[in-house]
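Just below is one structure, and these are the notes that go with it.
Just so you know, all these numbers are worked out from the coordinates, no wet-lab data involved. None of these values were measured; they are calculated from a predicted model. Counting neighbours? That spans all protein chains shown, and the Cβs are built from the backbone with ideal geometry, glycine included.
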Amino acid sequence: MRKLSILLGMALLAVLAMSSSAAAQSTTCNSTLVGQTISGDLVVPADGVCIIDNTTVGGDVKVGKGGYFQATNKSTIGDDVKGRGALVVFIDSGTTVGENIEVKDTPQALVFDSTIGGHIEISRSSEQVNICGNTVDGRIQVRDSERDILIGDPLTVGCAGNTVLDGHRIRVEDNSVDKELTIRGNDIQGGDLEVNDNSGTAGKAVENNKGGHGLECRGNETPFTASGNTGWDRKEGQCASPPEVCNDPSAQTGVTFTDDVVVPEDGVCILSGGTIGGDVKVGKNGFFQATGTQIAGDVEGRKALTLFIDSRTTVGGGVESSGSFQVFVFDATLKDELEVSRSTDKVQICGNDIDGDVGVDHSGRDILFGDPGPGCAANTVRNGHSADFEDNSTDVEFTIRANTFEGGDLTVDDNHGTSDKFVQDNTGGDVLDCHGNATPFTGTPNSFVTEEGQCAEI
C-alpha cells in the first residue's frame, strides 16, 4: 500500500498577520485561527497564509493570488471556497463546506475527509489534485490539470474513495499527467463517471468504482487500465472491458470473475461459492445457477431458460428477468429490486432478504412468493419497499403468504387463471390492495395498516 505524498507550498514560510475590514463585512486572514467564528466572508490576501482550525466561517472563503489556505479539524464554511491563482487550497479533517469548492490556476488543490454541500471543480492545476474520502452532494470535476491526479484510492494510505450523492457525476477530462491519474474506490450514487482525453506518460487507472448510471472512458492515452467497476447501467469505451464468459455444464466451485459475466445463448453456468465482480447477463435459453456466491452487480436474463439464485448468494444489485421460462430465488440476499416479467412456467421466490421493490407481472403458471413449509420460507422486504403482482395467469398455484413488509405496500391486482390464489398472513406493511383477481381467491387474514378490495377484512 502506497503512502500519500503531499508537497505543501512555500507559503507556509510566510510571516503571519491578521486584520479585519468591517466596512466590507469580511475578515482578512494571514494567520492561524483556532476555535473562532467569522460571521461573514474570509479573505486570504495575495501571497498570504491562512489556516483555520475548528473555526466557523459564515460566508465564502476567497483565496488571493499566491495564497495558501487550509481548513482543518472540523471547521465549517457556510458558502463557497474560491481560489484563483492561489498557491494551495487544502480542505481536510472533517471540514464542512456548505456550497462549492472552485479552484483555478492553482498548483495544489487538496480535499480530504470532508463534507461538501455542492460541487468540487478544479481546473488548470499545475502540480497536484488529491480528492479523497469526501461526501459530495454535487459533481466532482477536474479538467486541464497536470501532473498528479488522485480521486479516491483505498490502496494509498490516507486516500479513501469518495461518495457522490443524488445522481451527481465525476468528470475527469483533458488532463496531462506524468506521475499518476487514479480514480479508484468511489461510490457514485446514480450519476455518471466520465474519464476522457487524458494524456501523459503516467499510468491511468479507473478501478473498483461503484455506479451509477454511465461509465464512459474515451481517448485516454496509454498506459490505461479499467477493471472492477460494478453496478453501472452501461459501460462504454475503454472502460467497457469484455465480459468473461461462463459456459460449463459442470458446477464450478470457488471461481472468481473480476468483472461482468455473460452466459451465452443456450449456455450453462453453475457456480458454487466464489465471486463475480460485476453483473451477470444470461442469454436466450441460457441456464444460470449461483449457490453461495457473491455477485457485486445485477443479474439480468432475457428469454433465459432458467435463472436460479440459491442458498446464501448475495446480489449487490438487483435481479431482472424478462421472458424467461423459470425464475427461482431462494434464501438469498438482494440489495436492490427484483423484477420478473413474462415468465412462462415458474416464478418461485422464497426465504429472501430483499432491500428493493419486487414486481411480478404477465407471468404464469406457478407463482410462489413465500409459503412457509418445506422448501419455501417467507421473504422480508425491507426499508419501505413495495411489491406488485399484476396481470399474471396461473393454473398451478398463486400464493403470497407470510411475508414481512417493513413499511411498504403490497399490490395484487388483475391476476387470472384457474388455480387457487392466496394472499394470506402477510404482515408489517402500509397498504394492501387487491382488486380484479379472478376466483378462486382468498385475501385474508393479513396485517397491514390499510387493507383494500378483495383483501379487506369483512
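Per-residue Karplus couplings for the range 114-125, computed as 6.51 cos²θ - 1.76 cosθ + 1.60 with θ equal to phi - 60°, are listed in order as 10, 10, 10, x, x, 8, 10, 10, 10, 9, 6, 7 Hz, Gly and Pro entered as x.
Structural descriptor for the range 376-440: relative contact order 35 percent, calculated from alpha carbon pairs under 8 angstrom and at least 6 residues apart.
Could you tell me the calculated FRET efficiency between Asn247 and Asp178, based on Cβ-Cβ distance and R0 = 60 angstrom, to the nearest 0.05? Can you show the working numbers first?
Details: r = 43 Å, r/R0 = 0.72.
Efficiency for this residue pair is about 0.90.
First check a/c for the range 110-266, with a ≥ b ≥ c the square roots of the eigenvalues of its C-alpha gyration tensor; if it is under 1.5, answer rounded, and if not, answer prolate when a/b is larger than b/c or oblate otherwise. Prolate shape, in that a/c is at least 1.5 and a/b is the bigger ratio. Let a ≥ b ≥ c be the square roots of the eigenvalues of the Cα gyration tensor of the chain; is it rounded (a/c under 1.5), or, if not, prolate (a/b larger than b/c) or oblate? Verdict is prolate for the chain. Each residue of the range 71-81 was assigned a 3J(HN,Hα) from its phi angle through the Karplus curve 6.51 cos²θ - 1.76 cosθ + 1.60 (θ = phi - 60°); the sequence is 10, 9, 6, 6, 6, 10, 10, x, 10, 8, 10 Hz, with glycine and proline shown as x.
In the range 244-453, inverting the average of 1/r over every pair of distinct C-alpha atoms gives 16.9 Å as the Kirkwood radius. Projected label points at Ser31 and Asp414, each 7 Å from Cα along the beta carbon direction, are separated by 7.3 nanometres.
With K and R counted +1 and D and E -1, the other residues having a Cβ less than 10 Å from that of Ser241 yield a net charge of -2.
The label-point distance for Val396 and Asp166, in a model that sets each label 7 Å from Cα toward Cβ, rounds to 4.7 nm. Which of the three applies to the range 319-358, rounded, prolate or oblate, going by the alpha-carbon gyration tensor with a ≥ b ≥ c and a/c under 1.5 meaning rounded? Oblate is the answer for the range 319-358, as a/c is 1.5 or above yet b/c matches or exceeds a/b. Annotation: peptides 298-307, 382-391, ranked by per-residue average of other Cβ atoms within 10 Å with the highest first, follow the order 298-307, 382-391.
Among the listed pairs Lys204/Lys284; Lys82/Lys335; Lys284/Lys346; Lys235/Lys284, those with a Cα-Cα distance over 28 Å are Lys204/Lys284; Lys82/Lys335. Residue separation of Glu452 and Gln189 scaled by 0.36 nm, minus their Cα-Cα distance, works out to 91.1 nm of gained length. Residues whose amide H comes within less than 5 Å of that of Asp425, counting only those at least five positions distant or on another chain, are Ala402, Asn446 (H built at 1.01 Å from N in the peptide plane). Strictly greater than 25 Å: what percent of every Cα pair in the range 2-237 meets that? The proportion of pairs with Cα distances above 25 Å equals 37 percent.
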